[in-house]
Amino acid sequence: MAECTNEVDPQVIKEYTERKEEIEMYSKEVEANQQKLVSLQQRLTSLHEQWYEPVSSLVEQINEKFRVFFATLKCCGEVLLAEHEDYEKWGIDIKVQFRNSDDLKRLTSSYQSGGEKSVSTILYLLSLQGLTDCPFRVVDEINQGMDPRNERKVFEMMAKTATVKGTSQYFLITPKLLPDLDFNDRMTILAIFNGQGLDNSKNESFSIEKVIAEDSFRQSQNGRANN
């Protein structure tokens with residue numbers, strides 16, 4: 001032992017004793033921190049299990065509806081839960097395929113066309129119908145850029161899904177609709193007429209029947225002129 005050696009400097013013994021005490025102190029801190037880490041990991045695992053299963057189940061239900069809607073258009077689509085070791089980076093991935101020659105691609109702002117993004121967006125919103133608590137949804141000109149075939153099918157799906165009793169109300173704002181669309185008694189149409197074609201200087205009540213009659217007359221006249 002160093003104490004039994006006469007040549008040992010007392011300062012060395014002092015430093016040794018202090019260092020030994022520091023090691024014991026830090027060892028206790030390390031042990032305490034390890035116990036805290038284990039406790040935090042257990043709590044994190046518990047919290048993860050509490051919400052992960054319900055969220056995964058909800059995303060899977062959305063995915064099933066999304067796939068069915070896309071299959072109606074003879075296309076492919078899926079909704080996935082994007083997991084990451086950093087919880088702040090978790091999210092929803094939407095993948096779509098509009099052509100047989102393509103693979104499923106992540107929906108981005110640059111890859112798909114405007115019409116394809118519109119179709120994907122409205123079908124995702126329809127997939128949420130009945131699964132999330134939302135009093136109403138507003139879609140503005142969502143049909144712009146769609147080809148007529150997809151626009152008609154999307155409108156049919158929207159009319160059928162959004163008019164189910166007890167689900168969210170939909171407001172579709174659009175400057176145009178395709179002719180001969182299917183409507184039902186649970187739908188309300190509000191037509192706003194404004195522009196140069198309307199003469200507001202006359203104190204006459206507006207008549208939709210009159211507008212339709214005048215438009216039909218103009219079309220018939222144009223048809224005769226073309227013949």
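The values are calculated or read from the model by the stated rules, or taken from the named source; none is laboratory data. Quick caveat, the model's predicted, so the values are computed rather than measured. Cβ placement follows ideal geometry from the backbone for every residue including glycine, while neighbour counts extend to all protein chains displayed. Heads up: the accessible areas ignore ligands, DNA and RNA and are worked out on the full protein's heavy atoms, side chains in. Shrake-Rupley method; radii C 1.70, N 1.55, O 1.52, S 1.80 Å.
A simple rule links phi to the HN-Hα coupling: the Karplus curve 6.51 cos²θ - 1.76 cosθ + 1.60 with θ = phi - 60°, which for region 56-71 gives 4, 5, 5, 5, 5, 5, 4, 4, 4, 5, 4, 5, 5, 4, 5, 5 Hz, with x for Gly and Pro. Residues of region 64-92 falling in the label zone of Leu181, defined by backbone nitrogen less than 20 Å from a point 7 Å along Cα to beta-carbon, are 69-70, 72-74. Pairs exceeding 18 Å between alpha-carbon atoms, taken from Lys105/Lys153; Lys153/Lys176; Lys74/Lys105: Lys105/Lys153. Counting only protein heavy atoms and a probe of 1.4 Å, the accessible surface of the chain is 51% carbon and sulfur. Residue separation of Gln50 and Asp147 scaled by 0.36 nm, minus their Cα-Cα distance, works out to 30.6 nm of gained length. Counted without the sites themselves, the longest stretch of the chain free of GluC sites (Glu not before Pro) in a DSSP loop having at most 15 other beta carbon atoms within 10 Å is 8-82. Compared with the direct C-alpha span, the chain from Lys74 to Ile189 gains 38.5 nm at full extension, assuming 0.36 nm per residue.
Heavy atoms of the protein chains alone define the surface here; on that basis the chain has 76 Å² accessible area per residue at 1.4 Å probe size.
In the complete set of protein chains, residue-level accessible area for Ser216 is approximately 60 Å², probe 1.4 angstrom. Ranked from largest to smallest solvent-accessible area, with a 1.4 Å probe on the protein heavy atoms, Ile94, Ile23, Ile122 come out as Ile23, Ile94, Ile122. Of all DSSP beta bridges confined to the chain, the antiparallel ones make up roughly 65%. Loop exposure criterion: trypsin sites (Lys or Arg not before Pro), DSSP state outside H, G, I, E and B, at most 12 other Cβ atoms within 10 Å. Applied to the chain, the longest stretch between such sites is 1-73.
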